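One structure is given here, and the rest of the page talks about it.
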Amino acid sequence: MSETEVGRRGETAGEPSGARPAVGIIATADNGGVVAAAMLRALDCGHQPMVIATEPDVPGVRFAHQLDATVVASPEGRCDETRLWDRLSTAARSDGYPGLLRHNTPDRAIDYEASRSALEAADSFAIEPELAPRVEQDTEVLAAIPAYNEAGAIGDVVQEATTIVDEVVVVDDGSIDETVTEAREAGATVIEHERNRGYGGALKTAFSEAKRAGADHLVILDGDGQHDPHDIPELVDQQRSEGTDIVIGSRFEEGSETDLPLYRKFGLRVVNLLTNLSLGVVRSRSRIGDTQSGFRAYNRQAIESLAEDDGIGNHMGASTDILYHAHSRGYDVEEVGTTIDYDVEDASSQHPLSHGMHLVSNILRTVERERPVTVLGIPGFLSAVIGLGFGYLTFSNFLNSGVFPLGMALVSVFFTLAGIFAAFTAIILHSLETHTE
């Protein structure tokens, strides 16, 4: 492949490049939509976009060919960001541009006039452009719906929600059915993930969008019809009246008529107990009764902090991660009774057993990371003491009877070594946690 594959709007063969700086954009597997929009904005403002890819055949490069933008061949070998920008700068110089605007936030619009002035004043060929201010739209109540292959129900959910809230946003998590079309036709703003990132990934996009929109309240609900949009006002009213940071629509509070199967109810009770213990919550009045409900309302403070938290996972354990986030920041969490309908077509739920195992695993990993002394240190110390006790009995028996009790000796060795290993692991984890804060 040649250094550049060039196509420019409004230019003929042999015509010199324009006097305006080129706009450099790095295309990845996940940013095809924003890259296309950034290229269109650049072309409309008379600037030539130059695109380079982090890997072969990403959507942004295909869009670049369609829009007659400049596609720059990626360097061989490992392509870190510095090498990609250097390659774009070299190509822009070679093509005769007076400079390069390194557009590393293609989801934002460039203030081209200010950027040209900054480039002229800069002692550099390539600079980061000045960004146009976002036009913020203050939204009082925004409903966000994470969706993956929900074409059968998403339209009805969106239509009901639009009559209750100011804006409905559907975060399509790489659906392969007609979810996007159905959601848009029903009146939702749709944000598309080009690949499936998981429930937590969709939630993170929802928090970012609510922050951008300046929403006072963000309500998350499912797109399969299990949550009733008409319950949204109850969550928001509770938040307004009490100033609560997070309100959870609970299946276990008074007023809920949720018909939970026995096995699901038992599993949820176990997960709720483990989650509350991992949060250090012992008193019953302080416990969260439905830790896994996805029907939640967040105020602006919670929205903004959650949008910035990289510690929220991409999968179903994100619901628990959010509670850890809230607990660490001292946020108020309240619950109101809500009815969840499990008798819906194509309910989007993971198998209860695998879901439960994933949640328990996530809780244990978090507890081990956040409370290593409690979880590993103290049990390890007790295990070592028990091992030493069995060791004393082993040698006492041998001295008194002359018979060496092999079984008791093995038990002693096991408990002692396991205890020492757990205690030292706790010390190391606690040290890492202390020195990384």
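Can you tell me which residue is farthest from the chain's Cα centre (by Cα) among those in the range 17-51 that are within 12 Å of ALA91 (Cα to Cα) and hydrophobic (A, V, I, L, M, F, W, C)? So the residue we want is ALA22. Residues in the range 246-271 that are open to solvent by 50 Å² or more (accessible area, probe 1.4 Å) and of a type in the set (D, E, K, R): GLU253, GLU254, GLU257, ASP259, ARG264, LYS265, ARG269. Among residues of the range 159-176 that are assigned to a helix (DSSP H, G or I), those with a beta-carbon under 6 Å from a residue that is not hydrophobic (A, V, I, L, M, F, W, C) at least six positions away or on a different chain give the pairs GLU160/PRO229; ALA161/PRO229; THR162/GLY187.
Residues that are closer than 30 Å to THR163 by Cα and either outside any strand (DSSP E or B) or open to solvent by 30 Å² or more (accessible area, probe 1.4 Å) (or both) within the range 99-148 comprise ASP107, ARG134, VAL135, GLU136, GLN137, ASP138, THR139, GLU140, TYR148, listed in sequence order.
Of the listed requirements (1) aromatic (Phe, Trp, Tyr); (2) under 16 Å from MET39 (Cβ atoms); (3) in contact with a helix residue (DSSP H, G or I) (Cβ under 8 Å, 6 or more places away or on another chain), PHE125 misses just one: (2). On the basis of being closer than 23 Å to ASP228 by Cα, assigned to a loop (DSSP other than H, G, I, E, B) and either under 21 Å from the mean Cα position of the chain (by Cα) or in contact (Cβ under 8 Å) with a residue 40 or more places away in the chain (or both), does GLY311 make the cut? So GLY311 fails the test. Whether a residue is surrounded by 20 or more Cβ atoms within 10 Å (Cβ to Cβ), within 19 Å of ARG300 (Cβ to Cβ), in contact with a strand residue (DSSP E or B) (Cβ under 6 Å, 6 or more places away or on another chain) and not polar (S, T, N, Q) was assessed, and ALA202 does not pass this test. Number of residues in the range 221-236 that are open to solvent by 20 Å² or more (accessible area, probe 1.4 Å) and not in a loop (DSSP other than H, G, I, E, B): the value is 4.
Suppose the filter is open to solvent by less than 80 Å² (accessible area, probe 1.4 Å), touching a His at 6+ places or on another chain (Cβ under 7 Å) and not in a loop (DSSP other than H, G, I, E, B); does VAL71 pass it? Here the answer is yes, as VAL71 does meet what is asked.
Residues that are within 21 Å of the chain's Cα centre (by Cα), of a type in the set (Gly, Ala, Ser), modelled with pLDDT under 85 and open to solvent by 10 Å² or more (accessible area, probe 1.4 Å) do not occur anywhere in the range 277-296. Answer yes or no as to whether TYR324 is within 26 Å of ASN149 (Cα to Cα), of a type outside the set (Gly, Ala, Ser) and either under 17 Å from the mean Cα position of the chain (by Cα) or open to solvent by 50 Å² or more (accessible area, probe 1.4 Å) (or both). In short, no.
The values are calculated or read from the model by the stated rules, or taken from the named source; none is laboratory data. Please read these numbers as outputs of a predicted model, since none were measured by experiment. For neighbour counting, all protein chains shown are included, and Cβ atoms are generated from backbone atoms with ideal geometry for every residue, glycine included. Surface accessibility is based on the protein's heavy atoms, side chains included, excluding ligands, DNA and RNA. Shrake-Rupley method; radii C 1.70, N 1.55, O 1.52, S 1.80 Å.
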